[in-house]
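Each reported figure results from applying straightforward, stated rules to the coordinates on display, with no laboratory input. Because the structure is a prediction, the values reported are computed rather than measured. Glycine gets a Cβ as well: all are built from the backbone with ideal geometry, and neighbour counts include every protein chain shown.
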Amino acid sequence: MKDEIEDIVIDKILDNDQAACRIIIDKYKSFVFNLAFRIVNNREDAEEVAQDSFIKAFKHLESFNRKAKFSTWLYRITFNTAVSKTRKKKVVKNEINEVPEALLPIASFDASFQQLKEKQQQQVIQLILNKLSADEKALVTMYYLEEMPMEEIAEITGLSKSNVKVKIHRSRQKLYKHLSHLLKHEMHDIL
Amino acid sequence: MKTMERDNQQKLDAFFRVNFQKTLKKELPSDEFTDKVLHKLNKTQLSPYKKNQVVFGRKIKWAFFSFIGVLMVFSVYFSLAVPGDNTYQLPPSIVNLLDHYAGLFSSTNNWLMFVSAVALGFWSLMLLDKVLQRISFG
């Protein structure tokens with residue numbers, strides 16, 4: 001649904017109203033920062049990416065197509081800014097050995113996972129997330145954490161819906177494989 | 001087989017959804033985040049306030065471009081025509097007028113050339129700024 005109040009705020013920004021800028025920043029800073037954080041993986045870079053994203057958005061506000069949702073447009077800028085930031089840094093591949101091994105049944109690792117303390121669960125989820133590439137991390141964060149529909153994720157990332165589906169499927173399998181591996185072999189390191 | 005696979009996918013989706021939401025806390029930006037963005041906006045040329053300021057009105061822009069256009073036509077004409085010559089079959093009144101303005105381009109009266117050079121230089125800078133703005137968009 002089109003947000004008419006937001007449209008008015010955007011018009012005010014175009015009329016050089018600083019208070020309107022503040023309203024938009026306060027409304028979206030949390031999501032923009034979170035998305036950036038999940039991709040770049042540290043607070044300092046995430047803050048820089050989030051700030052740059054807002055600045056780019058304000059600078060190019062005239063080119064914003066009012067038919068689309070402002071939030072989707074802003075998240076797309078954030079996604080592109082964060083991904084290009086990670087590309088500038090050296091990518092450290094952290095793959096586990098591709099030795100085929102039997103994956104734990106879902107019910108079994110679910111039970112093992114629930115036995116862990118909250119802090120350990122956080123560590124495990126963070127560890128398996130860190131095994132994904134920057135854009136895969138962004139995709140699963142939007143899909144699982146923010147519960148965004150595939151269509152919106154496709155708009156934000158600039159991928160087709162079927163491509164998003166395939167990438168999420170691959171990421172899901174990777175997460176499953178890493179979690180299974182972790183719960184089978186490396187729990188003593190975490191515990 | 002397909003049903004089993006879909007069933008597994010759904011279970012995995014449910015597992016990851018629940019546990020991501022349970023364990024991944026929402027990260028919040030610093031308290032000064034908004035002020036920092038506004039400060040950056042005001043400090044840099046990226047400020048929407050600066051961007052949206054009308055430097056030249058549309059009418060002035062048209063007058064400016066017309067002026068440059070006329071100058072270019074005059075320059076081409078005077079580089080080819082010989083004063084007083086009616087090779088170009090123009091009405092005498094226009095030839096007289098052009099002859100009059102030809103004086104502006106003489107070596108002792110080159111202020112018009114100077115103004116047009118400055119204007120063209122300024123216009124090139126504006127164009128360069130537009131190009132840079134497009135390139136810098138992520």
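Mind checking which of A:V166, A:Q122, A:V140 is farthest towards the positive end of segment A:106-190's charge dipole, using Cβ charges of +1 (Lys, Arg) and -1 (Asp, Glu) about the Cα centre?
A:V166
Quick one: if you stick a label point 7 Å off each Cα along the C-beta vector at B:F64 and A:R22, how many nm between them?
Each label point lies 7 Å from its Cα, and together they span 3.4 nm.
Roughly what would the spin-label model give for A:Q173 and B:A14, points 7 Å off Cα along C-beta, in nm?
2.3 nm
With a ≥ b ≥ c the root eigenvalues of the C-alpha gyration tensor of segment A:106-190, is it rounded (a/c under 1.5), prolate (a/b larger than b/c) or oblate? Numbers along the way, then the final one.
Working: a/c = 2.43, a/b = 2.28, b/c = 1.07.
Prolate shape, in that a/c is at least 1.5 and a/b is the bigger ratio.
In the structure displayed, which of A:K27/A:K167; A:K29/B:K59; A:K117/A:K137; A:K167/B:K40; A:K85/A:K184 lie more than 31 Å apart, Cα to Cα?
Pairs exceeding 31 Å: A:K29/B:K59; A:K167/B:K40; A:K85/A:K184.
Could you name the aspartates and glutamates whose alpha carbon sits less than 17 Å from that of A:K67, not counting residues in the same chain fewer than 8 places away?
Filter leaves A:D3, A:E4, A:E6, A:D7, A:D11, A:E151, A:E152, A:E155.
Under 18 Å from the Cα of B:K61, which aspartates and glutamates turn up, not counting those fewer than eight places away in the same chain?
Of all the aspartates and glutamates, those that pass the test against B:K61 - Cα under 18 Å, at least 8 places apart if same chain - are B:D129.
Where does each of B:63-75, A:31-43, B:15-27 land if you order them by average Cβ count within 10 Å, highest first?
Values: B:63-75: 12.9, A:31-43: 22.1, B:15-27: 15.9.
Descending mean neighbour count gives A:31-43, B:15-27, B:63-75.
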